[in-house]
Structures are given as C-alpha cells and as structure tokens.
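**Student:** My questions will all concern the structure given below.
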Amino acid sequence: MSSSVTTNNRLGWMLDQALQMPETISAVLLSADGLLMAHSQGITVEDAERTAAAVSGLQSLARATGEFCRQPPEQWRQTLIEFDGGFVFLTSAGQGAYVAVSTTGRVDIEGVSSRLQELVQRLGQELTAPPRFPTEGAGNPT
C-alpha cells in the first residue's frame, strides 16, 4: 500500500462530494504522468493507483487525436469511455491534473459531465499539479 497516498489523501473528500449522484462508483485524481493524487472512498489505494496509470495513457491518446477534429491537443477537455455496464469519464482538472470517475450504465451522462465541470471550477488551483521536476534555472543547482 502506498503510504504517501493513504496519509495524504487530503482531496479525497472533494472527490466523494462529486460522487453524490446516483449510479456513480468511484473517482481518482491523478497527475499527467499517472501518479495518484487522491481517491474517493469507493476504491482501494491499489486499484486507484492502477486506474491513475491507465487513464493517464488515455488522456495522452485523446490529446493526440485532437487533429482529427481540427483541434490542438491543449483544447482536450473530456473523454468518455463506454462499456456494456458502465462509463469512465476522464476530465482535465487544471494544468497537469485529471479526474476520472466510474459509473454504472444507468447514470445520467450529462449530469456527471456537468458535476465534473463544477468540481473542476470549484477546486481551481487546488487540483493543479506542479511539475515533478524543476525547470532549468529555477534556482536548483545542476
């Protein structure tokens, strides 16, 4: 078990709030490089870490397909994955941060999308993940 996540899941309660609508299951907050930043109560740390790594790849693929609809990669906002019995919503949550939510197949798709956009707006800078490595000339000796 990842002790850094279990002891520093300070944003988990915000994800739990986003799940207060029927047919939602769990949520994870992740960095662009797939590191788990927070998770809802409905998912174990191990499953949340695995999900964060997987959906990080999905957002990268989604951004790469922006040209298909004549959009630059930075304008990607959300990906919806549909299964026979459910959905995964993946939403940009600030620079270098993403929120993924799983649901059953009976969920109100528009409602979840709206709830996620509200969550992202409400959290603002809280959900922005700083770069993992300092940029050149940022005061750290090389």
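**Student:** Please compute the length gained on full extension between Ala53 and Gln20, using 0.36 nm multiplied by the number of residues separating them and subtracting their Cα-Cα distance. Working shown, then result.
**Tutor:** Numbers: separation 33, 0.36 × 33 = 11.88 nm, distance 2.47 nm.
Additional length available on full extension: 9.4 nm.
**Student:** Something else: Step through the residues of the stretch 79-92 one at a time and calculate ³J(HN,Hα) from phi using the Karplus curve (6.51 cos²θ - 1.76 cosθ + 1.60, θ = phi - 60°), rounding each to whole Hz and writing x for Gly and Pro.
**Tutor:** 10, 10, 10, 10, 10, 4, x, x, 9, 10, 9, 10, 10, 5
**Student:** Using θ = phi - 60° and the Karplus curve 6.51 cos²θ - 1.76 cosθ + 1.60, what whole-Hz ³J(HN,Hα) does each residue of the stretch 96-112 get, with Gly and Pro shown as x?
**Tutor:** Computed from phi, the couplings for the stretch 96-112 are x, 9, 9, 10, 10, 10, 9, 9, 7, x, 9, 6, 7, 4, 4, x, 5 Hz.
**Student:** For the stretch 84-113, which chymotrypsin sites (Phe, Trp or Tyr not before Pro) are both in a DSSP coil and crowded by at most 10 other Cβ atoms within 10 Å? The partial results should precede the final answer.
**Tutor:** Numbers: sites: Phe87, Phe89, Tyr98; in loops: none.
Listed in order of number, the matching sites amount to none.
**Student:** Name the residues whose placed amide hydrogens come within less than 5 Å of the amide hydrogen of Met37, ignoring near sequence neighbours (fewer than 5 apart) on the same chain.
**Tutor:** Leu29, Leu30, Ser31
We did not get these values from a lab; they are worked out from the coordinates using the rules stated. From a predicted model like this one, the values you see are computed outputs, not experimental measurements. Glycine also receives a Cβ, built like all others from the backbone with ideal geometry; neighbour counts cover every protein chain displayed.
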